[in-house]
Every structure is written in structure tokens, then in C-alpha cells.
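Take a look at the structure set out below.
Every number in this text was worked out from the coordinates using simple rules, so none of it is lab data. All of these numbers come straight from a predicted model, not from anything done at the bench. Note that each Cβ is placed from the backbone with ideal geometry, even for glycine, and that neighbours are counted across all protein chains shown.
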Amino acid sequence: MQLSYFYQKFKTLLIALITLLLCIIMVISISIFLLDYQKPAGLPSVDYKGSLVLNDVNIVNVNDGQIIKNQQLVIKDGLIVDIKQAGSKVTNAAKVIDGAGMYVSPGLFDMHVHVYDRKHLTLNLAYGVTSVRNMNGKKMHLRWRDELDDEQWLGSNLHVSSPILAGKGTHALNQEVLSVEQARVEVQQANMHGYDFIKVYGYHSAEIFEGIIDEANKIGIAVAKHGPHPAKGSNWSYIKGLQSLEHVEDIFQGPLNYQFDQETMQAVAINIKQSGVPVVPTLETFDHLTQLSNGKQTFIDSLAIEYLNPLYFDIESHFTVSRWLQDNPQQSQYHLEKQQILFKIVKALSDQQVRLLVGSDAGTMYTVPGIATHNEMNLMQRAGLSNEEVLRAATINAAQALNIDKAYGSINVGKVADLVLVEQNPLNSIEVLRTPNAVVKHGQFLDKGQLEQLKREAKNTESYYWSVIGLLEDLLTRFLFH
């Protein structure tokens, strides 16, 4: 009798648990389905049709570092259709903006970001960053890219990598690759799903790394590699033809073996130069951890963390930021000394005329989109690059790396009108680009008031719930249905 009673209780509990589990699965499944339709409020609308004329502006020519003064830019349907002397006759249908002698730069690129929220793409735009390259792609990024392409809302152009192809023991947000056969399949899958390029970590075995490169070359998809050097056991020939090499810190940890030696560094720089592949230094993310280590909570209090997605803020707080806040004074001092070495590495690459790209690693720790891009540009200048070099790294160099320089990266007739307007010459002070007077995105003029509105709206990020659903979508897609 007593056993029957407990059996019935257990059965009732088991049925309740199964029912609850099925309800949870149903709610998650419905929510994932609704991700295709759900969007946060406050996304700016697209309205670039018709003609726009920017009269009396000074054009920054990033190709030769010259200023072309007193010009008139004629824009139609998002494209630059003519460049004339200021004051030239315009059609009555055109919207005319008096540039009042402002300087016009091409829209900026951030070539290394981790985007966790649609609002990060509008916030980048508010800071003149009209294109970003996301470095750990998920299905949600493909969705956002398609929404932007379909003109559902206005944000920075989004270039999306595959999920990071990492080695054994990587965390759940990356794709673990354990064999050459799997490596080839992952590249094929990424291409089939529509990712723009492959992101690969550098600690694979030579065989797996070379298999990824070989398969990518076969099907014609670009590759960006973590670490500006070959995988261990591989050689420099497998670097040639890559889209970019990421993180100069990895030069310090790899070829330099944690000791800066000018002769070794020069040899590495020559090899990179001969490969023809540009390098993304990502000085901002190391500067950020250095300031976390040295400034602790005081530094955090100075940051605009209200722009960060709440779910990924918690993830970064737990898994990365907490680590640097525990540093002792000796460790904090080491970061400061290491930062000076990273500056030397960047300068050595520049001296060898290695093409450099601006990439902030925004999205790591508490780095804020848009703001991080300008911090990166400032740090590259501190490393010894001229304003002209930094601006090229943020414009034409990036467009060339993405193979879209026929349409982006400089101000020429026929190119897309992604532009930044500032009061002073950015070749004299790169910092002026941090506070644009206006931004033109695909021919749509955004004045200072509209840019401030973008910043205010960017604080209303995706809710915690929908961010969790987006993460679950990625995990389920890759681990259950891959």
C-alpha cells in the first residue's frame, strides 16, 4: 500500500516535470521562430531616395592625403554622381546642405567587432562608423545583415564572419574543429549559410589550419586569421591571400616569445609585408584590460556601459572583466609595460609598410561600439602612425581588404555616399572624427541632432529574454542541427 502511494506520487511528479519541460521547449521553439519578426523599438528608418547636395565642403582624399577645397558633392539614390566646384547650379528637386567649409571624410570602418545587439549598429553610425566586420558570426547576424540590406532599418553596413573555427576545448560560442575532414565541412557549411568570410583561430594543428585555408580557396570564401603568423608547424605560404591577420598581441606571444627584439620583429614584419595581408592591431581591447587592471571600479564608472547588451554584459563581467579586476599592482604594471611593446610592434609593421586596418574588438569586456573605434584610432596614433595613416586604415585600406573598394573607402564619383562631416581637418587631428557634425549613410543625411537621437535610442537594447533566445538559437543550430 505504501509503495503504491509513493509510486503514484513519483508518477505524478514525473508527469509534471515532463509537462513543464515540454512547455519550456515549446516556448523556446516559438520564440526562436519569432526571432525573424521581433525587433527592438527605436530603430531608425531608411530614407535616402532622391538627390542630396553637400555644398561648400572640403573633401579629404585618403588616397594621397590631400584636401580638395570648396567642393560640391552631388548624391543621388545613395551614390556620389558628381563632384563640382562649390556654388555650382543644382536642380530644384535636390535637398541642399550648406557645408559651410566642413571637411568630408569617407565613412569609417571598424574591421574587428563583436556585435551583440542591433542597436550597436545604430550606435556605430552615430560615431561615423558606417561599416563594421563582425568576427564571430551567428544566425542573428545574418538576419540583421539581411534586414539592413532590405532597408528595414538604418545602421552600419555589416560584414559577418562564420562562427569562429577553434580547436579542442574552446568555449560554447565558438565552433570546435577536431579534424581536417570536419574543418573542410565547416568551411563548406559557412559558405552555404551565407557567411561573408571564415574566422579561424591560430592554435590549430598545421594540418587542420591548412585544410581550412585550402577548402576556403577552393570555394572562394575569404579567411581572417587570429594571430599575424602561421599556425605552428605551417609556413608563411598559407598566410598569403588571407583577408586579414588579427591582434598584434599575438605577435608578442608567438614569434617574439614574450620578449621584444627588434631584429626578430623586423623579420616578422617583412614576412607579413611579403604576404600582402593587412593586419588589424586591436590595441583598444588590450588598453581596455590594462585600464581595468589599473583603474578597477573607477575606470568602469567612467564607461558608457548603458549601451551594452544586458546578457552579454553579464557574460563579459563574469568571464573576462572579473579576471582583470583581481590583478595585483605588479600585474597592473606589467600590462602598462606590455602596452608599450605593442606600440613598438605596430610601428615596426608601419615602418615596413604593412597595410594596417582599424579594428577595436568592440564587444569584448566593456568596450562600447563606436567609442571603441575612435579609441583604437587614437591608440594607433600613439603608436607612431600619422593621422593620414590612421585614416587610411579606417577607410580605403579596409575597403580594399574586403574587396569592395570600387564602391567604398574613398570619395569618388560612382561610390556609395557613406560620409562623415566634421568642422576641422582630420589630417591635422584624427580626434575630430569622434564628434561628427553630420553623417551621410547611403545618401541619407543625419545631422547632429539626429546623431544624438541615435545615441539616446541605442541605450534601449534588446531585452534579456530575447538576447537569451538568440543565444539559444545559435547553440541549437550549431550543436543539434549542424
Between helix 464-479 and the chain, what is the angle of the helix's C-alpha long axis to the longest principal axis, kept within 0 to 90° and rounded to the nearest 10?
70
Please arrange W153, W324 by counting, for each residue, the other beta carbons lying within 10 Å of its beta carbon, fewest first.
W153, W324
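For every other residue with a beta carbon closer than 14 angstrom to the beta carbon of G128, add +1 if it is Lys or Arg and -1 if Asp or Glu, then tell me the sum.
My count for the surroundings of G128 gives -3.
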Identify the trypsin sites (Lys or Arg not before Pro) of segment 142-222 meeting these criteria: DSSP loop state and at most 11 other C-beta atoms within 10 Å of the C-beta.
K168
So what are the three principal axis dimensions of segment 295-450 from its Cα atoms, in whole Å, longest to shortest?
55, 40, 29
Please tell me which of these pairs span more than 30 angstrom C-alpha to C-alpha: K240/K347; K415/K448; K69/K95; K139/K296?
K139/K296
Please give the FRET efficiency for I67 paired with V96, using the beta carbon to beta carbon distance and R0 = 22 Å, rounded to the nearest 0.05.
0.50
Based on the alpha-carbon gyration tensor of segment 126-179 and its eigenvalue square roots a ≥ b ≥ c, which shape applies: rounded if a/c is under 1.5, prolate if not and a/b is larger than b/c, or oblate?
prolate
Would you mind listing how long segment 58-194 runs along its three principal axes, going by Cα atoms, in whole Å with the largest first?
63, 34, 24
At a 10 Å Cβ-Cβ cut-off, how would you order H204, H112, H226, fewest neighbours first?
H226, H204, H112
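What whole-number volume per residue, in cubic angstrom, does the convex hull of the C-alpha atoms of the chain give?
For the chain, the hull spanned by Cα atoms encloses 170 Å³ per residue.
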Quick one: net charge around A93, please, counting Lys, Arg +1 and Asp, Glu -1 for every other residue with C-beta under 12 Å from its C-beta.
+3
Return a whole-number percent for the relative contact order of the chain, with Cα pairs under 8 Å and 6 or more residues apart as the contact set.
21
Over the chain, the sum of -39500 (n - 2.57) across DSSP H runs of at least four, divided by residue number and rounded to 500 deg cm²/dmol, gives at 222 nm -13000 deg cm²/dmol
State whether segment 413-467 is rounded, prolate or oblate according to the following rule on the C-alpha gyration tensor (a ≥ b ≥ c being the square roots of its eigenvalues): a/c under 1.5 gives rounded; otherwise a/b larger than b/c gives prolate, and the remaining case gives oblate.
prolate
